[in-house]
Each structure stands twice: as C-alpha cells, then as structure tokens.
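*Asks:* Pasting in a structure now, in structure tokens, and then I'll have a few things to ask.
Please treat every number below as a calculation from the coordinates, not as lab data. Everything numeric in this text was worked out from a predicted model, so none of it was measured. Glycine also receives a Cβ, built like all others from the backbone with ideal geometry; neighbour counts cover every protein chain displayed.
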Amino acid sequence: MEFELTEEQSMLQQAARDFADREIAPAAAELDKEARWPTEIVKKMAELGFLGVAVPTEYGGAGLDTVSYVLAMEEVSRACASCGVIMSVNNSLFCDPVLKFGTEEQKRKVLTPVAQGEKLGCFGLTEPMSGSDAQTMVTSAKLESDRWIIEGSKNFITNGPEADWMLVFAVTDIEPSGKRRHTAFLVPMSHPGLSKGPHDEKMGIKAAHSCTVFFEGVELEDKWRVGERGQGFKVAMATLDGGRIGIAAQALGISQAALGKSVAYAKERKAFGQPIAKFQAIQFMISDMATELDAARLLTLRAACMKDAGVRHTVESACAKLYASEASSRITHKAIQIHGGYGYTTEFGIERHYRDARITEIYEGTSEIQRLVIAAGMLKG
Ligand code: CAA
C-alpha cells in the first residue's frame with residue numbers, strides 16, 4: 001500500500017493550501033455573514049484549474065486525478081466550506097458525468113467551458129417530494145416529434161442561482177410493471193420555460209447559493225440527452241459515487257479547520273494557572289478529533305484511489321462520506337467545547353464550521369442512505 005503523494009499531487013496540495021490561506025480564509029466569515037456568492041474566489045478557482053480538476057486538458061480541465069481533487073477540496077473547504085461545495089458540484093456532479101456519459105459535442109460545447117470555469121454547472125435530481133427516494137421524482141420529459149418537453153421542478157439546487165447549465169433527471173418512460181425509467185439531459189439555465197425561485201435561506205454554507213428550479217414546457221433537442229434513454233438513474237447513482245468523495249473531502253476541510261484552531265487555542269488559553277492544553281480533558285478531545293480526522297482522510301483517499309483506478313467504489317465512497325461527515329460534526333462540536341464561550345461567538349469562526357459540518361451529513365445522500373448503500377454492498381450475493 002502506497003501512502004506517498006506524487007510530486008504533482010503534493011504541488012497541487014501546496015498551491016491549494018496557499019491559495020486558501022491567502023485568498024479565501026480572510027473573506028470566509030464575511031461571505032458567510034452576508035450569504036454572499038464568492039464571485040472573485042470562483043474566478044480564481046477557475047484560473048487555478050480547480051473547477052475541472054480531473055477533467056482531461058483537451059476538455060478544458062486540469063488533467064489531474066481524483067486524489068488531487070480531494071486534496072484541493074480539503075484545502076478550499078478548510079478555509080470556506082461554501083467555496084468547497086461550489087467547487088464540488090461543478091467537478092463531481094456536473095463535469096464528471098458529462099465526461100463519462102456525454103457525447104463528443106456535449107464535451108466540446110458544454111463540458112469544456114464548465115471545466116475551465118467560464119461557465120458553471122449544477123445538478124438537478126432532488127425534488128420537493130423526492131429526496132432520499134430519488135426514483136420517485138415526478139419531473140417528466142416527453143418526446144413530442146423530435147423534441148423533449150420537460151415539466152416539473154427541482155429543489156435545493158446548489159449553484160442553481162448562478163449556474164449556466166444543469167444536468168437534470170426526468171422520468172421518460174413507465175414500464176407496464178409501473179417501474180419508472182429516467183433519462184438525463186443538459187439544459188441551459190437561460191432556456192425559455194426554465195425559471196428559478198428565491199435563494200434558500202440556510203443554516204450553513206451560506207455563500208453557496210441554492211434555489212428551486214421550475215420547468216414549464218422546456219423544449220430540448222435530443223442531442224442534449226446524456227446517456228441512454230431510460231438509464232438516467234444509473235447516471236445519477238454513478239455520479240453520486242464520485243460526488244460523495246467530494247463531500248467527504250469537504251468534511252475533511254471543515255474538520256481540519258476546527259482541529260487546527262482548537263490546538264492553537266488550547267496552547268494559548270490559560271485556566272487555573274496553565275494553558276488548557278495541559279489538561280487531560282482537553283488533550284483527550286484533541287486526540288479523538290485527530291484520530292477521527294485521520295481515519296476519515298484515509299477512507300476518502302482510498303475511495304479516490306479506487307475511482308482513479310476505474311474500480312467500482314460505491315461502498316467505499318459511501319463509507320468515506322458517512323464517516324467523514326459524522327466525524328466532522330463530532331469534531332466541530334468538540335472544537336466549540338474547547339473554545340468555550342468564544343466558540344459560541346463568531347470570533348474564531350468555530351460556530352461557522354459547526355453549522356457547515358451539519359450539511360455534509362445530509363446532501364448527496366443522508367447518513368441513513370449511506371448506511372443503506374453500505375449494507376446493500378455487504379449483504380449482496
Ligand atoms: N451505480 C450505477 N448504477 C446504480 C448504482 C450505482 N452506484 N446504484 C444503483 N444503481 C442502479 C441499480 O443497479 C438499479 O438498476 P436496474 O434498474 O437496472 O435494476 C437502479 O440503479 C436502481 O437501484 P436501486 O434499486 O438500488 O435503487 P433504489 O430506489 O433502492 O435507491 C438509493 C437507491 C441508494 C436509496 C438512491 O435512491 C439514493 O442514492 N438516494 C439518495 C439520493 C441522493 O443522494 N441525492 C443527492 C442529491 S444531489 C445533492 O445533494 C447535491 C448538493 O446539494 C450538493
């Protein structure tokens with residue numbers, strides 16, 4: 001087993017670390033407070049190749065691998081989890097499936113500008129009444145002569161308010177048994193018939209905007225279908241296998257921020273005549289935080305290595321996301337405890353990490369869904 005990063009991966013990690021410390025961290029608290037979209041940071045992430053990390057250079061990406069993507073995601077999310085999820089949606093939920101299932105024309109016309117960060121992508125799976133049980137979506141696409149007509153709505157669409165393109169999933173066929181078949185499509189967000197609701201007001205990741213997107217008679221040529229007709233659910237599930245690695249990496253970044261600040265604070269803050277780092281109560285919390293973060297990082301990198309090797313990684317991605325997200329909630333909880341009253345205020349940004357960690361247990365499949373996916377893998381056969 002190889003634990004060393006390649007030279008290229010180490011360089012990317014260092015570049016991401018420097019960028020996050022210099023350009024993102026100083027702005028993060030204000031972005032959160034004002035729930036402001038980080039326009040300048042997104043632009044710079046594009047320049048650094050962070051919006052298409054694992055996309056080949058011929059399609060506008062950085063031509064790196066999933067391990068590099070995880071390393072960059074962790075650093076960006078350490079500084080600002082909102083910037084992390086903007087990056088993650090563009091990479092994992094848009095570029096990755098278009099690269100994997102798209103036509104050459106889709107890769108040239110849509111993937112390339114999105115991977116370059118000139119345009120932004122989003123992912124339309126969830127609906128008001130269909131979250132964990134994704135197959136029950138009601139958004140439909142009907143083929144009328146040579147055009148698909150899409151009707152319905154998608155909600156909690158991260159990047160939705162700013163995105164240029166959406167990968168949207170719709171029911172296209174119902175079998176005699178009643179089983180629904182889904183198909184994926186690429187839709188420009190400026191398309192006639194497509195409209196957006198107001199920004200969602202959220203507990204955390206406030207600078208990453210999301211909204212509901214409505215489709216009323218959205219007409220689309222068949223050339224914008226992604227993958228085979230009726231195979232859209234598999235496109236969605238395979239995409240989420242990769243997406244969950246991205247969210248696990250986001251959770252790593254949030255945890256690392258909370259741990260790093262806790263170690264620094266414990267050495268500075270004095271109580272009963274000595275730094276609180278001298279007390280076992282604090283040392284034990286820091287030990288648990290460090291161990292959990294390390295375990296989460298190893299699970300995430302293992303899933304990334306498997307994706308890079310082209311090996312099915314459904315269970316490993318679910319394990320990584322499940323563990324990294326729940327660990328992040330525990331780690332940020334302890335970070336507040338170590339900081340005491342200061343952790344509860346906005347002064348050190350710990351309460352932001354605590355709020356941001358919570359979503360990683362929910363989106364791209366709740367912890368309960370990850371457990372179902374892992375159990376299905378363990379019990380099959
Ligand atoms: N890869 C490829 N195909 C897969 C697959 C995978 N990982 N998992 C399942 N499939 C295929 C199955 O083989 C099956 O194929 P057939 O129809 O040919 O038999 C088909 O998909 C249906 O599979 P299941 O019967 O297992 O499906 P299910 O209805 O029981 O659902 C589920 C499974 C795991 C619960 C799934 O619905 C799920 O993942 N739910 C969570 C949804 C989710 O993660 N949403 C996230 C939204 S995006 C988001 O959150 C973005 C954001 O905000 C940042």
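*Asks:* For the chain, with only Lys/Arg (+1) and Asp/Glu (-1) charged at the beta-carbon, what is the dipole magnitude about the Cα centre, in debye rounded to 20?
*Replies:* 780 debye
*Asks:* Sort Arg244, Arg352 by Cβ crowding within 10 Å, fewest neighbours at the top. Let's see the in-between values first.
*Replies:* Details: Arg244 31, Arg352 25.
Exposure proxy ranking, most exposed first: Arg352, Arg244.
*Asks:* Angle check, please: helix 314-339 long axis (alpha carbons) against the longest principal axis of the chain (alpha carbons), in degrees 0 to 90, nearest 10.
*Replies:* Helix 314-339 and the main axis of the chain meet at about 40 degrees.
*Asks:* Turning to a different aspect of this structure: What's the FRET efficiency of Phe279 with Leu372 using the Cβ-Cβ distance as r and R₀ = 35 Å, to the nearest 0.05?
*Replies:* FRET efficiency, Phe279 to Leu372: 0.30.
*Asks:* From a point 7 Å beyond the Cα of Leu5 in the direction of its Cβ, which residues of segment 273-293 have a backbone N at a distance under 20 Å?
*Replies:* Correct set: 290-293.
*Asks:* While we're looking at this one, here's another question. If packing is taken as the average count of other Cβ atoms within 10 Å, what order do 65-76, 162-173 fall into, highest mean first?
*Replies:* Highest mean packing first, the order is 65-76, 162-173.
*Asks:* Apply the a/c threshold of 1.5 to the C-alpha gyration tensor of segment 196-258 and tell me whether it is rounded, prolate or oblate. Intermediate results must be reported in sequence, preceding the final value.
*Replies:* On the way: a/c = 4.05, a/b = 1.45, b/c = 2.80.
Here segment 196-258 falls in the oblate category.
*Asks:* Let me ask something additional. Starting from the alpha-carbon convex hull of segment 234-379, give the projected area averaged over all orientations, in nm². Can you show the working numbers first?
*Replies:* Values: hull surface 36.6 nm².
Hull-based average projected area comes out at 9.2 nm².
*Asks:* Same structure again: Return the distance in nm (one decimal) between the two label points of a simple spin-label model at Ala264 and Lys380, each offset 7 Å from Cα along Cα→Cβ.
*Replies:* So the two model labels end up 4.5 nm from each other.
*Asks:* In addition: Can you check what the net charge comes to around Pro275, using other residues whose Cβ is under 13 Å from the Cβ of Pro275 (Lys, Arg +1; Asp, Glu -1)?
*Replies:* Numbers: positive: Lys267, Arg269, Lys270, Lys278; negative: Glu268.
Here the charged neighbours net out to +3.
*Asks:* Sticking with this structure for a sec: Using the Kirkwood formula over every pair of different C-alpha atoms, what hydrodynamic radius in Å results for segment 7-119?
*Replies:* Answer for segment 7-119: a Kirkwood hydrodynamic radius of 13.9 Å.
*Asks:* Over 38 Å, how big is the tail of the calculated P(r) for the chain, in percent of all Cα pairs?
*Replies:* In whole percent, the share of Cα-Cα pairs in the chain beyond 38 Å is 17.
*Asks:* Determine ³J(HN,Hα), in whole Hz, for all residues of segment 11-23 in sequence, where each value follows from phi through the Karplus function 6.51 cos²θ - 1.76 cosθ + 1.60 and θ = phi - 60°; x replaces Gly and Pro.
*Replies:* Whole-Hz 3J(HN,Hα) from phi for segment 11-23: 5, 5, 4, 5, 4, 5, 5, 4, 4, 5, 5, 7, 9.
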